[in-house]
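Okay, structure first, notes after.
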Amino acid sequence: MKKITVCRLCSACCPVEVEINNGELVNARRITPFEKAIVCPKLANAKNIVYSKDRVLKPLLRETLSEDFREVSWQEALDFIANKIEGIKSSYGAQSIALLRGMAADWGTPWDYAVRLMSALGSPNTLGNGSVCFVAREIAHTYTYGAITIPQPKDARCIVIWGKNDRNTLPVMAEAIIFAKERGAKVIVIDPVKTFFSEIADLWLRIKPAHDGALAMAMAKIIVEEGLYDKDFVERYCVGFDALREVLAKLDLGELSEKASIPVEPIEEVARIYGTTKPACIIDGNGIDMQTEVFQATRAICILRALTGNIDIQGGDFIPQPIPLLNVQLRDKVSDVPSVMLDYPHFEKFHPTWGLHGQSCLIDAIVEEKPYPVKFLFVQSGNPAVTMMDSKRVREAFKRLECLVMIDMFKNKTSEFAHVILPAASCFEKTQINRAYIRNCFIMLQQKVIEPLGESKGDIEIIFELAKALGVGEYFPWRTVEEALDYQLEPTGLTIEELKRNPQGIWYEKPRYKKYESEGFKTPSGKVEIFSERLADTDHDPIPFMNGFLRDPISFRGIGDLGFIGISGERVNCYTHTQFRKIRELRNLDREPFININPKDAEKLNIKDGDLLRVSTPRGKVEMKLKVSDVVKEGVIRIAWGWGEESDLWNLNYLTDDFERDPITCTPSGRSFYCKVEKLEDL
Ligand SMILES: Nc1nc2c(c(=O)[nH]1)N[C@H]1C(S)=C(S)[C@@H](COP(=O)(O)OP(=O)(O)OC[C@H]3O[C@@H](n4cnc5c(=O)[nH]c(N)nc54)[C@H](O)[C@@H]3O)O[C@H]1N2
Ligand SMILES: Nc1nc2c(c(=O)[nH]1)N[C@H]1C(S)=C(S)[C@@H](COP(=O)(O)OP(=O)(O)OC[C@H]3O[C@@H](n4cnc5c(=O)[nH]c(N)nc54)[C@H](O)[C@@H]3O)O[C@H]1N2
Ligand code: SF4
Ligand SMILES: [Mo]
């Protein structure tokens, strides 16, 4: 039997067709509208992931971290949690309970119910890790034109790929880029690293890591001063253009080019192509995230879209038409309790059902007890002991907790700090609506195609069980998850049954372009805010970088001669972050982690392929083998990402900093840091 559902083995959320035999998943393949389909090795190994012998299939419990876990019944695990929570509530108050979400359970409906549980318990502290993922960029888009835009490369004549590597991370987008390129679209890549797309691009700007803001401002300057901007769009639909022109006039192109480490001529060439080829889209990505300037750099890129009038046109950057799901988060119930993200008010307010993704604040609250101590932590679908910046600090914080409860399919490094692990079902064993299918007008159900293995349960169901056990069951009146989802769907007139009858998805409404002509933009002024009053009112630059580039955005500047800029490694398509390295078939595709170094640097340091290197920063060290490669330029090394689950010596986040952050989005730099490189034999 074949069934259509959504794969959630990574955040790409691809539609897939799954083959089921006697109730078992035997095979799966992506469904794509493009002829040249990209094969996903993770999906090809879905069976090996789902039926892995390492799955946690019963609740695990231990009273103290020095004991081994023992298998217990759901009832015993839930009673243990309820008892702990009762104690925390009476000693510290409900706000000392927090829930930290990784991205694997999805940030659509499963996020809503996690927030609802925490609100019902009286805590505002449901945090995601979006400050290092796309949410920091999303705030910048939202502050500029009301929503994060969706690039439309298929119909574009010019595609700018800015810090994104969709060949490995979002196959359908990669297929669309290849489709457009074959039909003559110009492709421009902005990336410090050689990638699949930089190799096929018409132009590749090999930017200095973390200096995207300077490049975007240089492009804006050229587009404005050469009169390439869309005068009609700017005049009718933007505020702050004159102020921007003044800021740009004061910037020196030579200085900007030096900052970005790209000569002036190619910047001019790219600005002219982007400024004169319509429609054009900019695909911005995680290369800009995890930087301490992410907010203003992204704002500058958003302004480029506005200057060229490429917003909400076919082949440009589309303003999404979100599906009107009911807001079930109950955040009003805790609106008078300050969250641990107190110092980042823009984050809290930018969206009604989104936000609070400044995970670093959680660690502050545990360690410094500011604004109050956090003592109890749920970790749902995340591995923060490896994936958060400055792993040493994170682990020290986790040791101070009175209780940590994980909701996961597997044990991981974070389990070393856990008292309870609740067994989660895989994406094929549960029904939910993902964020990718809520934020725009096309809706598709991630429907259960096999029964949950062992005693595992879907993430939403686990939240329902917790609610009952923790005495807030009255807020969860639904008998089943599907009943709850139907309730959320009420404003749309759709039902889960209807979505099941149309597993290939439903257009809730057809995409409408240039919606701003009749509706304006969802900003306070109703226009594109090149100048943002909201930022001015809170002492942030209302125009990006209007007070200059205040500091080198790379961590650990000025601390001795560290020598190299370290950057975070490729997301290879056989793994998702720290996941799947124990799946033999996937491990065979990428066996061990490497540090990439440019051939000229290797020669200077007299090191060669296979040598064992130590990379260190003031925070810690990693040790990996060397692979000499021109994927990076001189002075930059790239350190493999996600391997910290296999060995502490391979944990990139032992190198990163979590103290210096973007002042609006709380983003530390996991991407770029100065570091020292030594050959181990020499030590
Ligand atoms: N296979 C796989 N797919 C995934 C994931 C996974 O772990 N594995 N993770 C998912 C998640 S949660 C996310 S957030 C997405 C992220 O997906 P992407 O946005 O594609 O992110 P990355 O591949 O990390 O980085 C994109 C590019 O940014 C470049 N880059 C690095 N530093 C800079 C810089 O300073 N400036 C610029 N301009 N570019 C830079 C990198 O060299 C890389 O080519 O992928 C999702 N999909
Ligand atoms: N230095 C550096 N740091 C980074 C990054 C980087 O590139 N460099 N990337 C950053 C980014 S963009 C992100 S999004 C984060 C990712 O950070 P995390 O979300 O912490 O990363 P994962 O390793 O994907 O951990 C996911 C966990 O969820 C479990 N899981 C999988 N599916 C399910 C499910 O359906 N339900 C439940 N309950 N559990 C499930 C997995 O077994 C795994 O333990 O890391 C960030 N940190
Ligand atoms: S890219 Fe991600 S969502 Fe798509 S099929 Fe592969 S693992 Fe699944
Ligand atoms: Mo992410």
| query | Carbon and sulfur atoms: what percent of the 1.4 Å accessible area of the stretch 343-386 do they account for? | reply | 51 percent
| task | Under 13 Å from the Cβ of residue 295, count the other residues' Cβ atoms, weight Lys and Arg +1, Asp and Glu -1, and hand me the total. | result | -3
| field | For the stretch 446-455, Karplus couplings with θ = phi - 60° (6.51, -1.76, 1.60), whole Hz, Gly/Pro x | value | 7, 9, 4, 10, 9, 6, x, 6, x, 9
| request: Please report, as a whole percent, how much of the solvent-accessible surface of the stretch 583-683 comes from carbon and sulfur atoms (probe radius 1.4 Å). | output: 47 percent
| request: Express the relative contact order of the stretch 234-316 as a whole percentage, based on alpha carbon pairs under 8 Å and six or more residues apart in sequence. | output: 34 percent
| field | Among 509-515, 613-619, the order from most to least packed when residues are scored by Cβ within 10 Å on average | value | 613-619, 509-515
| message | Over all directions, the average projected area of the alpha-carbon convex hull for the chain comes to how many nm²? | response | 28.4 nm²
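Over the stretch 352-453, consider all pairs of different Cα atoms and compute the Kirkwood hydrodynamic radius from their mean reciprocal separation; express it in Å, one decimal. Intermediate results must be reported in sequence, preceding the final value.
Details: mean 1/r = 0.0642 Å⁻¹.
Across the stretch 352-453, the inverse of the average 1/r is 15.6 Å.
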| task | Kindly write out, for the stretch 96-102 in residue order, the coupling ³J(HN,Hα) from the Karplus curve 6.51 cos²θ - 1.76 cosθ + 1.60 (θ = phi - 60°), rounded to whole Hz, with x marking Gly and Pro. | result | 7, 9, 9, 10, 10, 10, x
| query | Quick one: accessible area per residue over the chain, 1.4 Å probe, rounded to a whole number of Å²? | reply | 37 Å²
| remark: Taking Cα pairs closer than 8 Å and at least 6 residues apart, the relative contact order of the stretch 419-494 in percent is 28 percent
| task | Please turn the phi angles of the stretch 541-550 into ³J(HN,Hα) values with the Karplus equation 6.51 cos²θ - 1.76 cosθ + 1.60 (θ = phi - 60°), one per residue in order, whole Hz, x for glycine and proline. | result | 4, x, 10, x, 6, 5, 9, x, 9, 6
| When we measure straight from the Cα of residue 514, which lysines land under 17 angstrom away, once same-chain ones fewer than 8 places off are left out? | 231, 278, 522, 527
| request: Quick one: pull the percent of accessible area on the stretch 40-121 belonging to carbon and sulfur, 1.4 Å probe, ligands and nucleic acids left out. | output: 45 percent
| query | Which of the DSSP-defined H helices in the chain satisfy a minimum axial length of 24 Å, computed from C-alpha atoms, and a minimum mean Kyte-Doolittle hydropathy of -1.0? | reply | 74-92
| Tell me, how many Å apart are the Cα centres for the stretch 514-533 and for the stretch 221-270? | 21 Å
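Give me the Kirkwood hydrodynamic radius of the stretch 526-641 in Å, from all C-alpha pairs, to one decimal place?
That comes to 17.5 Å for the stretch 526-641.
The values are calculated or read from the model by the stated rules, or taken from the named source; none is laboratory data. Worth saying up front: this structure is predicted, and the values here are computed from it rather than measured. Quick reminder, even Gly has a Cβ in these numbers, built from the backbone with ideal geometry, and neighbours come from all protein chains shown. The area values use the complete protein model at the heavy-atom level, side chains included, leaving out ligands, DNA and RNA. Shrake-Rupley method; radii C 1.70, N 1.55, O 1.52, S 1.80 Å.
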